[in-house]
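Scroll down for the structure; my scribbles are underneath it.
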Amino acid sequence: MFKPEFPDSEKFSGQTTLSGKAILIVDDDPIFRRITCGYLSSQGCVVHEAEDGLEGLKQLKDKRPDLVICDISMPVLNGLEFVEEVSLAYPSLPMIVISATDEMSDVARALKHGIKDFLSKPISDYSNLGEAIANTLSDTHSHMSDQRDFSSQWFQVEGGGEIPEEQELYWHLEYLQQNPSAARDLLHALMPENDTSQGAWRCSYRLLQSADTMPLVFDYAWLMNGQYAFYVVDSDSQLCDGIATTLLLRALFHDYLRSLKCLNADLKDLADILEKGISCTDCACSISAMIGIANLSDGTLSILPAGMDCFWTNGQNNQHIAGGISLGENCRKNFITQDLPIGEVSEISVSRLGVSSFTLNISKKEMADKEAK
């Protein structure tokens, strides 16, 4: 029979204390609620319970908890619907989601609504739950939660993309390492929207790949100054834990860009931040990637290869950009291809022969609309 491990309170010395914190558990499983309630009560928490999302919303109005623990799969109002409602009505309320093994895509959707952490069922070691609550509350109280990418929670990464304070991952990574299919689902579900636009420009990508291997992962961000920053990373690394490295890069990429405010992003600075993060995290190592910045105010594109070959064309000119040194091995030594003219449309493509194919298209909206017709 499953028997959870309840840690003593000394495990949380130096962290946010749980004593006196009001926690709302929203879960349709009475056994899970009873065990979790018992653990949290032993830590000095004031615990409230709800058996579904609708009851959880009612409890929120009356109880005003410090944090909510919510299951993904529930009747009446499911976990995703509950998370969406709470994120709109109570945007500053921290939440942790609980997920079964096969629900990583739903977890990723919940994380995009501002969830800072997730736990998988069953919880065999309840110190993981205590640490998750303590870290989430600490971040919330220090006003860091709005400035950090959720995956920063899995690494001790400070705002602004600085070097991690700790050289350990949170326990969640062990779960992903032991469940490759769940890791693939999470990485796929965290991919951004295929089409995005800002001002006169539109960016879209297409990614085709085998379902049996760890994926190429793409991410991007628009900056206030008209820059479009992006990267592609090959999470199917044979040299180290590609899952850990990919999630670390995602966290550092967004933390760095948030710290810029109105300043310009710089490819060498970004590469430095990513490589410092890799060097300070035991489970991460060098990996194939490509980083780019499109300055759409002047219609130019710059690319820093980091172990990944790519091809660029604007319809008139074509260029092969050699991968060179991998990210994590001082990729700044690689030649940065700067100020490529985007023109009406530019395309960057990456291919793993027989495994995956990626294409990023950057074009003016008028051109994109014409092609659509």
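The values are calculated or read from the model by the stated rules, or taken from the named source; none is laboratory data. Since this is a predicted model, take the numbers as computed values, not measurements. Backbone-built Cβ (ideal geometry, glycine too); neighbour counts: all protein chains shown.
Checking each residue in segment 342-360 for being under 22 Å from N317 (Cβ atoms) and among the hydroxyl-bearing types (S, T, Y) picks out S346, S349, S351, S357, T359. Search segment 300-338 for residues being among the charged types (D, E, K, R) and surrounded by 14 or more Cβ atoms within 10 Å (Cβ to Cβ), and hand back the single one that is nearest to S351 (Cα to Cα). Here the residue is D309.
Residue-by-condition table, conditions (1) surrounded by 19 or more Cβ atoms within 10 Å (Cβ to Cβ); (2) under 19 Å from T136 (Cα atoms); (3) under 24 Å from the mean Cα position of the chain (by Cα); (4) of a type in the set (S, T, N, Q):
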site: A22; (1), (2), (3), (4): no, yes, no, no
site: P30; (1), (2), (3), (4): no, no, no, no
site: D71; (1), (2), (3), (4): yes, yes, yes, no
site: E81; (1), (2), (3), (4): no, no, yes, no
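The single condition among (1) over 17 Å from the mean Cα position of the chain (by Cα); (2) within 20 Å of C283 (Cβ to Cβ); (3) surrounded by 19 or more Cβ atoms within 10 Å (Cβ to Cβ) that N179 does not meet is (3). Residues that are more than 23 Å from the chain's Cα centre (by Cα), in a strand (DSSP E or B) and either among the aliphatic types (A, V, I, L, M) or closer than 13 Å to A265 by Cα (or both) within segment 290-307 comprise N295, L301, S302, listed in sequence order. Within segment 354-370, if we keep just the residues that are of a type outside the set (G, A, S) and either farther than 24 Å from S204 by Cβ or over 27 Å from the mean Cα position of the chain (by Cα) (or both), the residue that is surrounded by the most Cβ atoms within 10 Å (Cβ to Cβ) turns out to be K364.
Candidates in segment 219-243 are the residues that are in contact with a strand residue (DSSP E or B) (Cβ under 7 Å, 6 or more places away or on another chain) and under 11 Å from S356 (Cβ atoms); of these, the one that is surrounded by the most Cβ atoms within 10 Å (Cβ to Cβ) is D234.
Within segment 45-81, the only residue that satisfies the criterion of being among the β-branched types (V, I, T), outside any strand (DSSP E or B) and touching a Ser or Thr at 6+ places or on another chain (Cβ under 8 Å) is I72.
Among residues that are free of Cβ contacts under 8 Å to residues at least 40 places away in the same chain, over 12 Å from I287 (Cα atoms) and in the same structural domain as T359 (by TED's automatic domain parsing), Y228 is not included. Pick out the one residue from I123, I72 that is at pLDDT below 90 and closer than 22 Å to L187 by Cα. Answer to the check: I72. Of all residues in segment 340-362, those satisfying the criterion of being over 16 Å from G307 (Cβ atoms), modelled with pLDDT under 95, touching a strand residue (DSSP E or B) at 6+ places or on another chain (Cβ under 8 Å) and not aliphatic (A, V, I, L, M) are E344, S357.
Condition check ((1) in a helix (DSSP H, G or I); (2) of a type outside the set (V, I, T); (3) modelled with pLDDT under 80; (4) buried (at least 20 other Cβ atoms within 10 Å of the Cβ)) across all residues:
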| residue | (1), (2), (3), (4) |
| --- | --- |
| L129 | yes, yes, no, yes |
| M144 | no, yes, yes, no |
| S151 | yes, yes, yes, yes |
| G161 | no, yes, yes, yes |
| E166 | no, yes, yes, no |
| E193 | no, yes, no, no |
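For the structure I just gave you, tell me whether G323 is part of a loop (DSSP other than H, G, I, E, B) and touching a Pro at 6+ places or on another chain (Cβ under 7 Å). It is true that G323 is part of a loop (DSSP other than H, G, I, E, B) and touching a Pro at 6+ places or on another chain (Cβ under 7 Å).
Applying the set (1) in contact with a helix residue (DSSP H, G or I) (Cβ under 9 Å, 6 or more places away or on another chain); (2) within 16 Å of D339 (Cβ to Cβ); (3) among the small types (G, A, S); (4) surrounded by 24 or more Cβ atoms within 10 Å (Cβ to Cβ) to A294 leaves exactly one unmet item: (1).
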